[in-house]
Amino acid sequence: MLIREAVADDWPRIWPFWHRIVAAAETYAWAPDTSEEEARVLWTAPGKRVYVAEDDTGAVLGSAYVTANYGGPAAGVANAAFMVDPDHSGRGVGRALAEHVLVAAKGDGFRAMVFNAVVETNPAVRLWTSLGFTVLGTVPDAFEHPRHGRVGLHIMHRAL
């Protein structure tokens, strides 16, 4: 698997799984009907370093971005988001992207990473805790999950 910085031509290969994941309304606090134009801005806005994971055929398996979570004196804390094409889940793509982004964020001078809204039923919570993230707190009943009803949103942190 190759992980590299994304280029503009990668977006048409990211959008189908981005849309599929967000439309499912199970793991992201973005509107399920987010348009492609809005999604592209959310995922690739200036200030975000976007990565893709490719297999040996060049197929995009997943994507991630890293950006500053705060500004000013708190700009040393990163934020990131990760999406793996559901057709390629369970193959270590998320872990590989996460490990890459953690190293890249540290290399960019970030001292910590924070996730602001991890749906507590998201299977990725296990991945984040295995990579050293801790749950700082949970906003109860903050997310309307289509199968589980109202669930909490974790705020997670890891020093880099």
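The values are calculated or read from the model by the stated rules, or taken from the named source; none is laboratory data. What you are looking at is a predicted structure, and each value in this text was computed from that prediction instead of being measured. Glycine gets a Cβ as well: all are built from the backbone with ideal geometry, and neighbour counts include every protein chain shown. For accessibility, only protein heavy atoms count, side chains too; no ligands or nucleic acids. Shrake-Rupley method; radii C 1.70, N 1.55, O 1.52, S 1.80 Å.
When the range 22-44 is filtered for residues that are free of Cβ contacts under 8 Å to residues at least 24 places away in the same chain and either assigned to a helix (DSSP H, G or I) or closer than 14 Å to residue 12 by Cα (or both), the ones remaining, listed by number, are 22, 23, 35, 36, 37, 38, 41, 42.
Among residues of the range 89-109 that are over 19 Å from residue 59 (Cα atoms), those with a beta-carbon under 9 Å from a residue that is open to solvent by less than 20 Å² (accessible area, probe 1.4 Å) and in a loop (DSSP other than H, G, I, E, B) at least six positions away or on a different chain give the pairs 109/76.
Checked against (1) open to solvent by less than 60 Å² (accessible area, probe 1.4 Å); (2) modelled with pLDDT of 95 or more, residue 124 passes all but condition (2).
Checking each residue in the range 129-160 for being aromatic (Phe, Trp, Tyr) and either loosely packed, with under 14 Cβ neighbours inside 10 Å or out of contact with any His (no Cβ under 8 Å at 6 or more places or on another chain) (or both) picks out only 143.
Every residue, every condition in (1) part of a strand (DSSP E or B); (2) among the hydrophobic types (A, V, I, L, M, F, W, C), yes or no:
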site	(1), (2)
110	no, yes
135	yes, yes
141	yes, no
157	yes, no
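Of the residues making up the range 100-119, those that are open to solvent by 30 Å² or more (accessible area, probe 1.4 Å) and more than 12 Å from the chain's Cα centre (by Cα) are 100, 103, 106, 107, 108, 109, 110, 111. Residue 63 meets the conditions (1) free of Cβ contacts under 8 Å to residues at least 40 places away in the same chain; (2) within 13 Å of the chain's Cα centre (by Cα) in every case but one. The failed one is (1).
For first residues located in the range 116-136 and without any contact (Cβ under 8 Å) to a residue 12 or more places away in the chain, partners that are of a type in the set (Asp, Glu) and in a loop (DSSP other than H, G, I, E, B) and lie 6+ apart or on another chain with Cβ distances below 6 Å do not occur. Scanning the range 22-44 for residues that are within 25 Å of residue 120 (Cα to Cα), open to solvent by 30 Å² or more (accessible area, probe 1.4 Å) and among the β-branched types (Val, Ile, Thr) gives a single hit, 27.
When restricted to residues that are open to solvent by 70 Å² or more (accessible area, probe 1.4 Å), β-branched (Val, Ile, Thr) and touching a residue at least 40 places away in the same chain (Cβ under 8 Å), the range 1-21 contains 0. Within the range 45-88, being buried (at least 17 other Cβ atoms within 10 Å of the Cβ) and not in a strand (DSSP E or B) holds for 48, 69, 85, 88.
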